[in-house]
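Each remark here refers to the structure printed beneath this line.
The values are calculated or read from the model by the stated rules, or taken from the named source; none is laboratory data. In this text the structure is predicted, and so the values were computed from the model without any measurement. Quick reminder, even Gly has a Cβ in these numbers, built from the backbone with ideal geometry, and neighbours come from all protein chains shown. SASA here: full protein model, heavy atoms, side chains in, ligands and nucleic acids out. Shrake-Rupley method; radii C 1.70, N 1.55, O 1.52, S 1.80 Å.
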Amino acid sequence: MGELRHLDIGTGGEVSVNWFINGIRKRIQTEKLDQYRVMYPSVLEGMSDYNCPTEALRDGKWDMDKCIFCRQCDLDPTGNQDTYSVEKAIPNIFKKSLYLYPVDSGTCGACNVEFTTLFSPQYDSSRFKIFMANTPRHADALVVMGVHTEGMERVLQEAYDAMPEPKVVIGLGACALSGGIIGRGAMEKYDIHIAGCPPTPAAILKAIIEARDKK
Amino acid sequence: MKYYEFGDKTGRYVGRTEKYDVYTSTLTEADKEENDNEEKTQGEIYFNYGPSAGGLRESVNFQILTPGESIRDVIINSGFKNRNISIIGDSISDAMLKVERINGFHSASHSIAYALAVEDALNIENDDLNDARIVEIELERIRSNIDVIKGLCESAGFAVPEKQLLLLREEVARIISGAFAHRYYFSVNRINSIEGDFSRISLRTVEKQFRSIYEGLLSSKIFLDRIQENGIVLNPISTGPAARAGNFRYDARLDSKSLIYGKFNTVLEKDGDTFSRFLVRAEEIFESINIIESYGVKRIFRKNKMELSGSGDGTARIESPAGDLFYYVKIKEGKLADIQMSPPSYLNIRNFRSALRNKNIFTDFFFVWESFGIWISELEVKFQ
Ligand code: SF4
Ligand code: SF4
C-alpha cells in the first residue's frame, strides 16, 4: 500500500455504492446552452489592422474560420458563442436522430475533448436527439477535427465513403476549417463550419441545431 | 543552459527528443531503437484496431497479436496523425502559439515548459512567476487525472461515475476559463508573463464531489476486480504517475529546478498495475488541491509586452500530468534556431506496450490504455 491515502479501500464486504440511486440523487444537471459563457472563443467585434498570424484579418474583415482567438489584435470578445455558419441545411430525415462520427485528422487534442463534452451531463446532446456513432457506416454526419495530415487523408476519405447517403460534413475547429496556426484544413468543403480553437460545446450543439432547423 | 549539459548519461532517463536522449541533467545523442516485435507463431493472428474507431479519442492504430483471448504483443502505429509544424525561424513569441497547440489538453504544461526554456536561454529573471505557474500546472493535473479516471469508468461500463466525472471535468474547465478566459490556457502563458485572475480559482466543491465519486469507486468490488492485477509494469525506465504506481519516486517536481516546488507528498504505490495507476491519479488530485491552496496565489497577472531578442540555448523540465516534459530551445537573435521536446507519452506508450505484453486478455486492453493517459498529439509532431 502507498504511503499516503485519503481514503481506505473497500474490501467489498461492506455495502457498496448503488450507482443507480447515487446517480438519481445528484439530480438533473443539464443546462440551457447559454447558461455558461467563455470569452475565447466567442464572436469578436471591432476593427483592427493587426498583422494576424493566421490571416483572419484582411481588409478590415474578420474571418471567423481562420481565427485562433489568440487575443493579439484589437478585436473585442463579446461572449456570444455563435461562432459558426451553416452552408447547407441538415436533411429533414435526421430531425429525430442524428448520429455523429468524429475523425481526428491531426488535432492537438482539445477539439477531441470538447467533442466528448457534448455527452456530459451539462450539455447532454441526447436531449437534442444528437448521438455518437461507433462506425461511419452508422453515421449521418462526419465531424472532422484537426489539420490535414498525410497519414489520415485516406482514412478520412474512407470514413466519408463508408457513410450512407444522405450525409453531412461538419468542420470542427480552426485546424479543420482553415489549418489555423498549424497547417492546412483537413477537407475542402464543409456543410457546417464551427469556428473556434477549440469551439465550445455550446457552439457545436447550437450549430447543429440551427443546421437542422434551417429550411 | 543553467540546468542541463551535453555529455554522459547521468541520473534517470526521462525521454527522447528528435535528436537527444534526455536524462535528469544531461542530453546525449539519441540511441537507435531496436525492433523487439514478438514473432507471430502458428495459430496467432494480428487483430487490427484503429486508426479511426469508436472508443478511440485520437487517431492511432493497434495491431494486437493474439492466439485467441490473451494478448501476446501489440504493435502501435501512432504516426497516422503526425503533424509537421513549421516553427524553426519563428520569433520566440510567435512560436508560443504553436507550442501551446502541441497537446491542447496539457497546454499549460507545454507553454510553461517552453517559456521556462526560453527564459533560461536568454537569462530572464522569472522567480515572481514560479508560484502562479505551479498553480496552473496543478490545476491542469486535476483535470487530466479526472479524465483518466473517467476513461477507466467508461471502459468498465460504469456509466454513472463516468458521467459524474465528465461533469466534474467540465466544472474544472469552467474554473480554468473563469480565471484565464480560455478553457485550455491558450494565449495565457507568454515568455516572462501570464494573463489571468487567480482569485477566481476555488476548488472546494471539486474536492467534495471527487471524494464522493472516489469513495464510491473504492467500494465497488466489480470495478476494483476489473482493474486489479492487469497491465502490470514495474520498469525503472518510466515516468509520471505510471512510474510512481510502481514505487519509483520519479517526479520532476522533486528533481528539476525549472520550477521550485515547496513541500508536498509524493503518492507512491507498489504493484504497478492499472489499479495502482488509478490510485496514484486519484490521490494526486487531493495533493494538487493542497499544493494550489498552499501557495495562496490570488492576484491578477497581466500580459507583459516586452520585446524579446538575444541568443542562447536553454532547457526546462517540468512534471506534466503524465510525467516528465522536457524542452530545449536554441535562439538566434530572438528567433528559434532549434526546438527539441520530449513528452511523457514517449515513455508511457512504450510502457503501455510492455504492460499489455504481461499476461493480459483482450478485455483488459482499454483499462490499460486509459490508465496511462497517453496523448498521441504530443508524440506525433515534427518540428520544421
Ligand atoms: S484574435 Fe483572431 S483575428 Fe485577432 S490576431 Fe488572433 S487569430 Fe487573428
Ligand atoms: S482547432 Fe485549435 S483546439 Fe482544435 S485541434 Fe486545432 S489547435 Fe487544437
With Cα springs under 10 Å, the Gaussian network model of chain B assigns the largest mean-square fluctuation among B:GLN209, B:GLN42, B:GLN340 to B:GLN42
Note, B:LEU97: beta-carbon cut-off 11 Å, +1 each Lys/Arg, -1 each Asp/Glu, net +1
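Starting from the Cα-Cα distance between B:ILE88 and B:ARG302, subtract it from 0.36 nm times their residue separation and give me the gain in nm to one decimal. Numbers along the way, then the final one.
Details: separation 214, 0.36 × 214 = 77.04 nm, distance 2.78 nm.
Full extension from B:ILE88 to B:ARG302 adds 74.3 nm.
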Expressed in angstrom and rounded, the centroid-to-centroid distance over alpha carbons for the stretch B:224-275 and the stretch B:5-20 is 20
Per-residue average of other protein chain Cβ atoms inside 10 Å, peptide A:17-24 -> 5
As straight-line cross-link partners of B:LYS221, the qualifying lysines (C-alpha separation under 19 Å, not fewer than 8 residues apart within one chain) are B:LYS150
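Quick one: if the Förster radius is 25 Å, what FRET efficiency do A:ASP76 and B:ASN123 give, using the C-beta to C-beta distance and rounding to 0.05?
Details: r = 36 Å, r/R0 = 1.45.
Plugging the Cβ-Cβ distance into 1/(1 + (r/R0)^6) gives 0.10.
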The local net charge around A:GLY185, scoring Lys/Arg +1 and Asp/Glu -1 for residues other than A:GLY185 whose Cβ lies under 11 Å from its Cβ, equals +1
So, with points 7 Å from each Cα along the Cβ direction, the A:HIS138-B:PHE47 label distance in nm works out to 1.8
Taking the alpha-carbon centre of each part, the distance from the stretch A:121-174 to the stretch A:19-79 in Å is 22
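How compact is the stretch A:73-118 by the rule of thumb for globular proteins, expressed as Cα Rg over 2.2 N^0.38 Å?
1.59
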Taking every C-alpha to C-alpha distance in the stretch A:120-215 and binning by 5 Å from 0, the per-bin percentages run 3, 13, 22, 24, 21, 13, 4, 0
Per GNM of chain B with C-alpha springs under 10 angstrom, the most fluctuating residue out of B:ARG143, B:ARG57, B:ARG190 is B:ARG57
FRET efficiency for B:ILE75 and A:SER48 from the Cβ-Cβ distance with R0 = 41 Å, rounded to 0.05, comes out at 0.25
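Taking a ≥ b ≥ c as the square roots of the eigenvalues of the Cα gyration tensor of chain B, is the shape rounded (a/c under 1.5), prolate (a/b larger than b/c) or oblate? List each step's numbers first, then the result.
Values: a/c = 1.84, a/b = 1.27, b/c = 1.45.
It comes out oblate by the Cα gyration axes.
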Rounded to one decimal in nm, the spacing of the 7 Å Cα→Cβ label points at B:SER309 and A:GLU165 is 6.2
Counting only backbone N atoms under 14 Å from a point 7 Å out along Cα-to-Cβ of B:ASN247, the residues of the stretch B:326-363 in range are none
Spelling it out for A:MET132: with amide H atoms placed in the peptide plane at 1.01 Å from N, the residues 5 or more places away or on another chain with amide H under 5 Å from its amide H are A:LEU100
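Using only atoms on other chains, find how many Cβ atoms lie within 10 Å of each Cβ of peptide B:247-253 and report the average. Numbers along the way, then the final one.
Numbers: counts 2, 0, 0, 0, 0, 0, 0.
Taking all residues of B:247-253 together, the mean is 0.
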Computed from every Cα-Cα pair in the protein assembly as shown, P(r) in 20 Å bins starting at 0 and rounded to whole percents is 20, 58, 22, 0
Chain A, Gaussian network, Cα under 10 Å: of A:PRO102, A:PRO199, A:PRO166, the residue fluctuating most is A:PRO166
XL table A:LYS189/A:LYS214; A:LYS61/A:LYS88; A:LYS66/A:LYS215; B:LYS303/B:LYS335; Cα-Cα > 25 Å flagged, in table order, is A:LYS66/A:LYS215
With -39,500 (n - 2.57) per DSSP H segment of 4 or more residues and division by the full residue count of chain B, the 222 nm estimate, nearest 500 deg cm²/dmol, is -12000 deg cm²/dmol
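Pairs of alpha-carbon atoms within less than 8 angstrom and 6+ residues apart define the contacts here; what relative contact order does the stretch A:81-158 have, in percent? Numbers along the way, then the final one.
Details: 83 pairs, mean separation 34.9, N = 78.
Reported relative contact order: 45 percent.
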Per its Cα gyration tensor (rounded if a/c is under 1.5, else prolate when a/b beats b/c, else oblate), the stretch B:193-240 is best filed as oblate
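With n ≥ 4 as the cut-off for DSSP H runs, can you work out [θ] at 222 nm for chain A, using -39500 (n - 2.57) per run divided by the number of residues, rounded to the nearest 500? Numbers along the way, then the final one.
Numbers: 5 runs with 46 residues, N = 215.
Calculated from helices alone, the mean residue ellipticity at 222 nm is -6000 deg cm²/dmol.
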Between the alpha carbon centres of the stretch B:151-223 and the stretch B:317-332 the gap in Å comes to 24
With a 1.4 Å probe and ligands and nucleic acids left out, the total accessible area lost when B pairs with A, in Å² to the nearest 100, equals 5400
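Go ahead and run the numbers for FRET between A:ARG58 and B:LYS332, Cβ-Cβ distance against an R0 of 30 Å, rounding to 0.05. It would help to have the intermediate numbers written out before the result.
Numbers: r = 31 Å, r/R0 = 1.03.
After rounding, the FRET efficiency stands at 0.45.
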Sorting A:PHE69, A:GLY79, A:ILE182 by the position of each Cα along the dipole of the stretch A:31-215 (Lys, Arg +1; Asp, Glu -1; all at Cβ), the one nearest the positive end of that ordering is A:GLY79
For the stretch B:35-81 the mean separation of alpha carbon contacts under 8 Å (6+ apart) over residue count, i.e. relative contact order in percent, is 33
